[in-house]
Structure formats: structure tokens, C-alpha cells
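Chemist: Got a structure for you, questions after.
Values in this text are rule-based calculations from the coordinates and carry no lab data. Computed from a predicted structure; not experimentally measured. Neighbour counts run over all protein chains shown; Cβ positions are idealised from the backbone, glycine included.
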Amino acid sequence: MPERRTVALVTLGCARNEVDSEELAGRLAADGWELVEEAADADVAVVNTCGFVEAAKKDSVDALLEANDLKDHGRTQAVVAVGCMAERYGKELAEALPEADGVLGFDDYADISDRLQTILNGGIHASHTPRDRRKLLPLSPAERQEATDVALPGHGDIAPAPEDLPEGIAPVSGPRAPLRRRLGTSPVASVKLASGCDRRCSFCAIPSFRGSFISRRPSDVLGETRWLAEQGVKEVMLVSENNTSYGKDLGDIRLLETLLPELAEVDGIERVRVSYLQPAEMRPGLIDVLTSTSKIAPYFDLSFQHSAPGVLRAMRRFGDTERFLELLGTIRGKAPQAGVRSNFIVGFPGETEADFAELESFLTGARLDAIGIFGYSDEDGTEAVSYDNKLDADVIAERLEHLSRLAEELTAQRAEERLGETLDVLVESVDGEDGAVGRAAHQAPETDGQVVFTSDEGLVPGRIVVAKAVATEGVDLVAECLEGAAT
């Protein structure tokens, strides 16, 4: 009988990392590893790190150190770093953090079982050597689909799937469809639509370690969605670094408009949500599909980042306050209840008091449901590192605090505007002490608030019910089910 091998996956960062963790889980389960929830119960703790900003990198290091502590008084024998921070820093991370027994990059994912076994046996696998992943794919998007030798987490690989896969692992439905094993029982799951990004925002390092943009084929996205529906998933969220570019390397920049109605027709799926939309790439046809298609959430995760044109140009981005407000007006003209969220950077090099005031004015008029505010910090390898006119840290901190307080007030006001609205709410959890909690169409997982029910009678996770917003708790809504309205 094979020796029992246990592994726990600790996931930090965004929904894209969550998908990658479930791909790693599928590969490991297919090779006989037993997946456990807690790192303390695992022979190997695999920490899927985030390497986006300083705060996220600190959280990743803390998670690795916490897992390493388990080696002194638990079952855990090895701690391995994977994910964006491991890919971005590789050997540098390994040298700075000897507590990690291995630092593996994306190229190691296809052989993750062998890598972990080597480390578990006391062997050493050479730490990943970082490289600019933008150079791995052809410059022409149309030629990228033929680059089958490039590791693309969440896309799978060309090697055939093992026969007789254990129950609960997604079968390979195409040459780029991944093995996948769910790591939870939530009725919501993310599906990777694409990887990488061709934009060159001056503050962002993501393209350097996630690579150039490449779409997954519609058949693979549909196949994975059907499998998730069979696992009990009711809502899928499409994720990538830039969903509005989907299909450009497949010869059809409007492919998302075609794919969304097909996803909405998958048996068992009750809601499809699209995240990560670039304002400069929003098309009238895409807005129409997102606001008028049954089961497609009228939800717009728009990456504004700022609204002052001078700051946006320094960021190598497009738009301004007037254009952004016009876009929001178009969306709400078609779907008044549409949800909109965005992130913003304050204290970017050269940001003047007037620029900051314009951003504050934009937020006040935009009526966003959720707002993320980040203070600028230099990121290795980005163009903005070389910019002059850097703001003092205390000025950035002051602006961050001020705008964060304003964002909290504005999103609470936006929630109050929704009082009396009729909502389709997906029940996500029902707890005897905390009651029932779910999310309406304008609320994405983790980031956008939630709906708290006045009663949990008759509610079960995975059920969509029609409810009325009767009160607010900050950005959260309190709602009561409408009699006979459960679906």
C-alpha cells in the first residue's frame, strides 16, 4: 500500500491564485496526495504567495514563517513557496527566507508532485530563477496559441490526463484544460478566462511575472464551468488580469460577448460574473451583454486607478473624470441597479493637490458600491520607480487615510441608496449563531460587502432567493426574503 502523503494549500492574494491552487490540488490528488485543510495536519504546507504590493508580500512572508513554526511541534515536515512572489523573486526569496524548504515557479507546476516528494524526502530542488515572462510568448497575440511549451497556470498543459482520475478532479476536456480539485464547498468558484497582460501601466509589475496576455479557448472555459456546476457551484466569476482583452489572440476581440450567453446557459449555473475590466477597452456591445443577459450579473469591476488626466498619463493609462462619469452614466442608463467597484492609487509621483482634489470629486460623484484605496509604493522593475517628483511618505499616508475615510462614507451612502431594492441573493452560508449571509448581483466575493438576512428560515447555501433591502450595516445590506420568492 502506498505511503500516505498529505499536503495543505494555503492561498493568499486574488481569485486568480485561488484557481491556481485548485489546479495544484488537482495535480497532487491525481498523483495520490491526500489534501488536508490545515497546514498543521500536512506533511507539506504549500503557500501560494502574492507578490503584487508590499503589504501582500509581507502577508506571504508571514504565512511562510507561520507554516515553518509548525515543523517544531506538528506533523509538518516541509514548507514550500509557490505563486506570484515565488515566481517574481525566486532565488532571492529563497536566500532571504531560508525557512522555506523550496521556492517553486510556474514552470514547476506541471511536476509539482515530484517536486514536493523530492523536498519531503530531504532533497533539494534548485530554487526558481526569475525571468521576464513577457518574452516567453510571441509578440504577436495571434501566434501565442501555438506556444504550447510555456507554462500557463490555470490553462493546463498538453500532456494527457492520467487515466482513472480520483473522484472530484476535473477531467481534461481539451489540450489546455487543467486538472482541478475544489478546495472548499462554496457555491461560488472562479474560472480563469485568460492569463497575463499586454498593458504597460507604469506602476505595475504583474506582466513581468505573469507574462503577456493569452486567452483560454471558449470550449475549455465552458467545459470547466460545466464541471463546476456538477460540483454544486451556482455562480462562476471569470478572472484574468484583463478580461476586456479576451479573444484578441483568438481572432475575435468581441469573443466575450459571445461566450457569456453560452456560460449562462450551462445547466446548474445561476449567475455569471465578470471581473477585471479595463475602462479604456469597454465596448458598447459588451456593456449591452452585461446589462441585459439573463443570469449575467450587471456588475462592473472597472480599473480606474485615478481620474486626473495628468496622473493617468503618467501611469500610462487613458481616460479622465468626464469620460469615466460618462461610462458610468451609460451603464446605469441600461441597468440602474448595476454594481460598480474600482481601485485607486493615491500619492503617485507628481500627483498634485489639484489632482488629488479631482480624484476626491470623482469618487463623490461616481456612486461606487465598493472602493479600494492604495498608497503608491515603488515596485521593483516598474517604470514609475525611475520617476521624479516622488511624494513624501507622510503625504502619501495622509492622502491615503483621508481618501479611505471618504470611500468608507461613500460606499455606506451607496448602500443606503439601495434600501427598498429587490435583490436576487445567492445564499453562501447559514450559521446557527450568525444567521444566513449571501451576496446580491452587485456584490462580488470577498471585496464588495454582503447581504445579511433578517431570518435564516428555509435558507440553504447555494440557493438564490429574492429579497428586499430593509437596512444597512456600513457597506452591507440587511434584507428580508419575499414570501414565496425563493428559487
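Chemist: In nm, give the distance between the simple-model label positions of Glu230 and Asn343, each being 7 Å from the Cα along the Cα-to-Cβ direction.
Modeler: Output for this residue pair reads 3.4 nm.
Chemist: Under a crude label model (7 Å from the Cα following the beta-carbon direction), how far is Glu473 from Thr293 in nanometres?
Modeler: 3.4 nm
Chemist: Describe numerically, in nm with one decimal, the distance between label points set 7 Å from Cα along Cα→Cβ at Lys91 and at Arg283.
Modeler: The answer from the label model is 4.4 nm.
Chemist: Additional query: Multiply the residue gap between Asp149 and Glu416 by 0.36 nm, knock off their C-alpha separation, and tell me the result in nm, one decimal place.
Modeler: Values: separation 267, 0.36 × 267 = 96.12 nm, distance 5.15 nm.
Residue separation times 0.36 nm, minus the Cα-Cα distance, leaves 91.0 nm.
Chemist: What is the magnitude of the charge dipole of the stretch 294-388 about its Cα centre, with +1 placed on the Cβ of each Lys and Arg, -1 on the Cβ of each Asp and Glu, and no other charges, expressed in debye to the nearest 20? Walk me through the intermediate numbers first.
Modeler: Working: 9 positive and 15 negative charges, 161 e Å.
I would put it at about 780 debye.
Chemist: What ³J(HN,Hα) values, in whole Hz, does the Karplus curve 6.51 cos²θ - 1.76 cosθ + 1.60 give for the stretch 454-469 when θ = phi - 60°, with x put for Gly and Pro?
Modeler: 6, 8, 9, 4, x, 9, 9, x, x, 9, 9, 10, 8, 9, 10, 6
Chemist: How large is the Kirkwood hydrodynamic radius of the stretch 189-228, counting all unique pairs of alpha carbons, in Å? Present the calculation step by step, with values, prior to reporting the outcome.
Modeler: Values: mean 1/r = 0.0873 Å⁻¹.
Averaging 1/r across every pair of different Cα atoms and inverting gives 11.5 Å.
Chemist: Follow-up question, since we're still on this one. Figure the gain on full extension for Thr454 and Asp394 (residue separation times 0.36 nm, minus the Cα-Cα span) and round it to one decimal in nm.
Modeler: Between Thr454 and Asp394, full extension yields an extra 17.3 nm.
Chemist: Given 0.36 nm per residue, what is the gain on full extension from His73 to Asp59 after removing their alpha carbon distance, in nm? Don't skip to the answer; put the middle values down first.
Modeler: Details: separation 14, 0.36 × 14 = 5.04 nm, distance 2.23 nm.
Between His73 and Asp59, full extension yields 2.8 nm more.
Chemist: Which value results for Rg/Rh of the stretch 256-299 when Rg is the Cα radius of gyration and Rh the Kirkwood radius based on the inverse mean 1/r?
Modeler: A ratio of 0.96.
Chemist: Give the separation of the Cα centroids, the stretch 426-485 to the stretch 391-418, in Å.
Modeler: 26 Å
Chemist: Which FRET efficiency, nearest 0.05, do Thr447 and Glu480 yield, Cβ-Cβ r, R0 25 Å?
Modeler: 0.50
Chemist: Sticking with this one: How large is ³J(HN,Hα), in whole Hz, for each residue of the stretch 186-193 in order, when computed from phi with the Karplus curve 6.51 cos²θ - 1.76 cosθ + 1.60 and θ = phi - 60°, using x for Gly and Pro?
Modeler: With coefficients 6.51, -1.76 and 1.60, one gets 4, x, 10, 9, 8, 10, 6, 8 Hz.
Chemist: Another question about this same structure. Cut-off under 24 Å on the C-alpha distance; same-chain residues fewer than 8 positions from Lys248 excluded. Which lysines are left, in chain and number order?
Modeler: Output for Lys248: Lys135, Lys192.
Chemist: Summarise the long-distance tail of P(r) for the stretch 347-396 by giving the % of C-alpha pairs beyond 14 Å.
Modeler: Across the stretch 347-396, Cα pairs with separations above 14 Å total 60 percent.
Chemist: What number in nm² do you get for the chain if you take the convex hull of its Cα atoms and divide its surface by four?
Modeler: Here the figure is 23.3 nm², rounded to one decimal.
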